[in-house]
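Student: Here's a structure for you.
The values are calculated or read from the model by the stated rules, or taken from the named source; none is laboratory data. All values derive from a computational prediction rather than experimental measurement. Every residue, glycine among them, receives a Cβ derived from its backbone with ideal geometry; neighbour counts consider all protein chains shown.
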Amino acid sequence: MEYLIDTVNIDMIEKCVDLLPVTGVTSNPSIIKKEGKIKFFEHLKKIRKIIGFDRTLHIQILAEKSDDILKEAYMLLNKVDKEIYIKVPVTPNGLKAIRLLKKENIKITATAIYNKTQGLMAMEAGADYIAPYFNRMENLDISAVNTIGMFAEIIDRYMYNTKILAASFKNIKQVDEAIACGAQSVTVSPDILLAAFDVPSIKKAIDDFTVDWEKSFGNARICDL
C-alpha cells in the first residue's frame, strides 16, 4: 500500500516526509498554481532532493496531441530526472503517447480517469499507474468504489503490472474506501491526510494515559525510571 501526497509545497513535503510513511509526491497544473510564480524545473528538482529516489515523483504534461505530449515528456525527463513518472491524461491521443513512451521504458501515470474504459485501455497501453478520480466520479453519479473494484479485479485476473493510484478526495473516508475496494496506492492532499490524526478522541486518549501514568509514577517519565 502506498500513500502519496498531492502537493508541491516545499514546507509541507518536508513535514510529511519527516512524519509520515509517504512513498511519493504527485502534482498537476492546478496544484502548481497554488504556489504562485515558481521556477518550475528548479522547484521540481528541489522536491526530488527532499524525497530522494526511493520515493516516486509524478509530473503532469499539458499537451493534448500525442506528438506534443512526447515533446513535453522528454523535456521533463531531461530537465528534472529520468526517474519521474509522466502523468498523461487518458484520451485517445494520450493513449497513443503512453504506448510510445512505454516502448522506451518511460514511467507513466495515466490520469484524469473518470470511467472504466479509460482505466482498462490505460492498463492495456502499459501505464504503470492509473489514477481514477474518486470524488469527481462520485459527483457525476459514477460509483468510484465499483470502478476501482473492477480495476483491481482485472489487474489481478490478467496479471497487469499496473497499480491503481486513486486520486481526487474530499475527506479521509473516501481515501479509506478507495483502499478497501482495491486501490494499491492513493494520492492525497496533506491537509486531508493530517486531519485524520487531528481527532479530539485521539488527544483525549493520550491525555488519559498521561494522567494514569502520573498517578503511579508522578512526574517521572519512562527514561527517568
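Student: Mind counting the residues in the stretch 147-178 that are under 20 Å from the mean Cα position of the chain (by Cα) and assigned to a helix (DSSP H, G or I)?
Tutor: 14
Student: Between a first residue in the stretch 93-120 that is over 21 Å from ASN28 (Cβ atoms) and a second residue that is among the small types (Gly, Ala, Ser) and not in a loop (DSSP other than H, G, I, E, B), which pairs have beta carbons less than 6 Å apart while being 6 or more apart in sequence or on different chains?
Tutor: Hits for this filter: ARG99/ALA125.
Student: Does PHE209 satisfy the condition of being touching a strand residue (DSSP E or B) at 6+ places or on another chain (Cβ under 7 Å), of a type in the set (Phe, Trp, Tyr) and either closer than 22 Å to LEU19 by Cβ or touching a residue at least 40 places away in the same chain (Cβ under 8 Å) (or both)?
Tutor: No.
Student: What's the number of the only condition in (1) in a helix (DSSP H, G or I); (2) crowded, with 23+ Cβ neighbours inside 10 Å that PRO132 fails to meet?
Tutor: The single condition PRO132 does not satisfy is (1).
Student: Taking the residues in the stretch 155-182 that are under 17 Å from TYR114 (Cβ atoms), without any contact (Cβ under 8 Å) to a residue 40 or more places away in the chain and among the small types (Gly, Ala, Ser) as candidates, determine which candidate is surrounded by the most Cβ atoms within 10 Å (Cβ to Cβ).
Tutor: Looking at residues that are under 17 Å from TYR114 (Cβ atoms), without any contact (Cβ under 8 Å) to a residue 40 or more places away in the chain and among the small types (Gly, Ala, Ser), I get ALA166.
Student: Return the residue satisfying two criteria in turn: it lies in the stretch 46-77 and is over 17 Å from ASN93 (Cβ atoms) and either part of a strand (DSSP E or B) or among the aromatic types (Phe, Trp, Tyr) (or both), and of such residues it is farthest from the chain's Cα centre (by Cα).
Tutor: Ranking the candidates gives PHE53 first.
Student: Would you be able to say whether some residue in the stretch 26-45 is within 13 Å of the chain's Cα centre (by Cα), part of a helix (DSSP H, G or I) and touching a residue at least 24 places away in the same chain (Cβ under 8 Å)?
Tutor: yes
Student: Looking for something touching a strand residue (DSSP E or B) at 6+ places or on another chain (Cβ under 7 Å) and part of a strand (DSSP E or B) - is there at least one such residue anywhere in the stretch 89-106?
Tutor: yes
Student: Sort out which residues of the stretch 107-126 are within 13 Å of THR91 (Cα to Cα) and assigned to a loop (DSSP other than H, G, I, E, B), and write them in order of number.
Tutor: TYR114, ASN115
Quick grid of which residues meet (1) within 25 Å of ASP18 (Cα to Cα); (2) of a type in the set (Gly, Ala, Ser); (3) surrounded by 14 or more Cβ atoms within 10 Å (Cβ to Cβ); (4) modelled with pLDDT of 95 or more:
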position	(1), (2), (3), (4)
ASP54	yes, no, no, yes
LEU77	no, no, yes, yes
LEU95	no, no, yes, yes
ALA112	no, yes, yes, yes
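Student: Taking THR111 as the residue in question, decide whether it is farther than 21 Å from GLU2 by Cβ and in contact with a strand residue (DSSP E or B) (Cβ under 9 Å, 6 or more places away or on another chain).
Tutor: Judged against the criteria, THR111 is not a match.
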